[in-house]
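Contents: one structure, followed by commentary.
The values are calculated or read from the model by the stated rules, or taken from the named source; none is laboratory data. From a predicted model like this one, the values you see are computed outputs, not experimental measurements. We place every Cβ from the backbone using ideal geometry, glycine too, and count neighbours over all the protein chains shown.
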Amino acid sequence: MTLEELNKQIIKCEKCKLCKTRLNVVCGFGNEKSEILFIGEAPGRNEDEAGLPFVGSAGKILDEMLQSINFKREDIYITNVVKCRPPKNRDPKPDEVDSCREWLDFQVEIIKPKLIVLLGRHSMERFLPNRKISIDHGQPKRLEGMVYYPVYHPAATVYRKQVLEDLKKDFLKIPDILDKIDKADLS
């Protein structure tokens, strides 16, 4: 299956109540052959309107972070744990995360990334449960053959300068992490 075929299925999804309030399903965007998969939380208002992930203020910060390591959106793939906007941008509920679980699993399976960058606590909870982003950010974790790299969500940087500094430092580690994965040097 290709991402295009999968996206046609995701767009029709009505597994949870978010389908009743969404404008668009936000499947993801980018290079399906990317070495890096970025996973955020859920679409916000701007993303719901555009049908694309990370197009608002958090998207601008993400673009700056990508540029700092010589990447563009076209080089990576970006998606979210939940594919539809929760009302009023509230946190996704556990049943909504569960409803989208298979879609995200299929995306990971199709893309086969070397590295999954977990943008924020909700994304981290999905793959690395019972951890704290404030403690685990910037520390790659190998689990069942996959390398996960939790970082703060770009939206968390808007009002907290220290979080922005941490995010910048964590992003600068990404090329080295990829290099270590290639050399099987990451513990």
Checking the structure you have, find out if any residue of segment 35-42 is more than 14 Å from Leu119 (Cβ to Cβ) and at pLDDT 95 or above.
yes
Would you confirm whether any residue within segment 46-55 is touching a strand residue (DSSP E or B) at 6+ places or on another chain (Cβ under 7 Å) and assigned to a strand (DSSP E or B)?
no
Can you give me the number of residues within segment 22-65 that are touching an Asp or Glu at 6+ places or on another chain (Cβ under 9 Å), more than 17 Å from Ser123 (Cβ to Cβ) and of a type in the set (Ser, Thr, Tyr)?
0
Subset of segment 69-84 [over 13 Å from Ala42 (Cα atoms) and surrounded by 14 or more Cβ atoms within 10 Å (Cβ to Cβ)]
Ile69, Phe71, Arg73, Asp75, Ile76, Tyr77
Check off (1) modelled with pLDDT of 95 or more; (2) on the phi > 0 side of the Ramachandran plot for Ala184 and give me the number that stays unchecked.
(1)
Spot the failing condition for Tyr152; the list is (1) among the hydroxyl-bearing types (Ser, Thr, Tyr); (2) modelled with pLDDT of 95 or more; (3) out of contact with any helix residue (DSSP H, G or I) (no Cβ under 8 Å at 6 or more places or on another chain), and only one is missed.
(3)
Going through segment 68-86 one residue at a time, which ones are in contact with a Lys or Arg (Cβ under 9 Å, 6 or more places away or on another chain) and outside any loop (DSSP other than H, G, I, E, B)?
Ser68, Tyr77
Hey, can you tell me all the residues within segment 127-165 that are surrounded by fewer than 19 Cβ atoms within 10 Å (Cβ to Cβ), closer than 20 Å to Ala58 by Cα and not β-branched (Val, Ile, Thr)?
Ser134, Gly138, Tyr159, Arg160, Lys161, Gln162, Leu164, Glu165
Kindly state which helices (runs of 4 or more DSSP H) lie completely within segment 96-187 and contain at least 2 residues that are without any contact (Cβ under 8 Å) to a residue 12 or more places away in the chain.
133-136, 161-172, 174-182
When the residues of segment 85-115 are narrowed to those that are hydrophobic (A, V, I, L, M, F, W, C) and more than 30 Å from Asp179 (Cα to Cα), which ends up surrounded by the most Cβ atoms within 10 Å (Cβ to Cβ)?
Cys100
Pull out all pairs, ordered by first then second residue, where Cβ-Cβ is under 9 Å, the residues are six or more apart or on different chains, the first lies in segment 66-84 and is farther than 22 Å from Leu128 by Cα, and the second is assigned to a loop (DSSP other than H, G, I, E, B) and among the acidic types (Asp, Glu).
Asp75/Glu35
